[in-house]
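In what follows, a structure is listed as structure tokens, so that the remarks can point back to it.
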Amino acid sequence: MPVTRIDPRSALVVIDLQRGILAMPTQVLGDEIVRRVALLADAFHAGGLPVIYVHLVNAADGSDAPPGRVDRAAPMGAQAADFSELDPRLPRAEGDLVIAKKQWGAFYGTDLDLQLRRRGITQLVLAGISTSIGVETTARNAWEHGYHVTIARDAVTDLNAEAEQRSLDLILPRLAEVDDSAAIIALLPPRSG
């Protein structure tokens, strides 16, 4: 379903565009996702709207990762020293936020909701990696917190094509409006003040 509007108090939330995750074999090359997210970030900056970069930051030995028993654990190898560093090609502006998370979603265990509410944010546009994990979990949490959610379909990617298609076709449309970056940018409200 196409995006119907972008609220005047919206924020772009970028999930896990960090060196270690961008190096993974995603469906769309990480360089292309960074390019598309940069276009979105530039448009949000031009409109005076905040951009929030979320990245996964765990202890190198994994000791602060969620401890629950699972059937299929994420592969935990030694992480490179720069694993959590945000990609330097992402445009940054004064007022942008950087949120460190310890699990899939950007809300649990972080001050993201507090930061959004203090800024009067009512809508989140989500982009990043991976569609079926970090983006979908953050979309679920945002929806549960009462935000309007929009997914930039062409600015997300995943390691698994089937999981990504399931998210984009079945799950995310129940939580959000899903559309391309150009349609989102076209609906950004004019800069106020």
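Summary of computed values
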{"item": "About the Cα centre, charge dipole magnitude for the stretch 116-193 (Lys/Arg +1, Asp/Glu -1 at Cβ), debye", "result": "560"}
{"item": "Relative contact order %, the chain, counting alpha carbon pairs below 8 Å whose residues are six or more apart", "result": "33"}
{"item": "Contact order normalised by residue count of the stretch 1-58, Cα under 8 Å, 6+ apart, percent", "result": "55"}
{"item": "Three-way shape label, the stretch 134-189, alpha-carbon gyration tensor, a/c 1.5", "result": "oblate"}
{"item": "Nearest-ten-degree value, helix 30-46 long axis tilted from longest Cα axis of the chain", "result": "30"}
{"item": "At q = 0.20 Å⁻¹, base-10 log of I(q)/I(0) for the stretch 118-157 (Debye sum, equal scatterers on each alpha carbon)", "result": "-0.55"}
{"item": "CD proxy at 222 nm, helix term only [per DSSP H run n ≥ 4: -39500 (n - 2.57); per residue of the chain; nearest 500]", "result": "-7000 deg cm²/dmol"}
{"item": "Estimated FRET transfer efficiency when R0 is 41 angstrom, pair residue 42-residue 71 (beta carbons, to 0.05)", "result": "0.50"}
{"item": "Where N is the number of residues in the stretch 41-193, Cα Rg divided by 2.2 N^0.38 Å", "result": "1.07"}
{"item": "Shape metrics for the stretch 5-51, restricted to C-alpha atoms - Rg then Dmax, Å", "result": "12.4, 36"}
{"item": "Potential extension, residue 115-residue 31 segment - 0.36 nm per residue separation minus Cα distance", "result": "27.4 nm"}
{"item": "Centroid-to-centroid separation of the stretch 1-40 and the stretch 129-182 [C-alpha atoms, Å]", "result": "11"}
{"item": "Rounded to the nearest 20 debye, dipole of the chain from Cβ charges on Lys, Arg, Asp, Glu", "result": "480"}
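Each value in this text was obtained by applying a stated rule to the coordinates, not by laboratory testing. Given the structure is predicted, the values throughout are model-derived calculations rather than measurements. With ideal geometry, Cβ positions are generated from the backbone for all residues, glycine too; neighbour counts draw on all protein chains shown.
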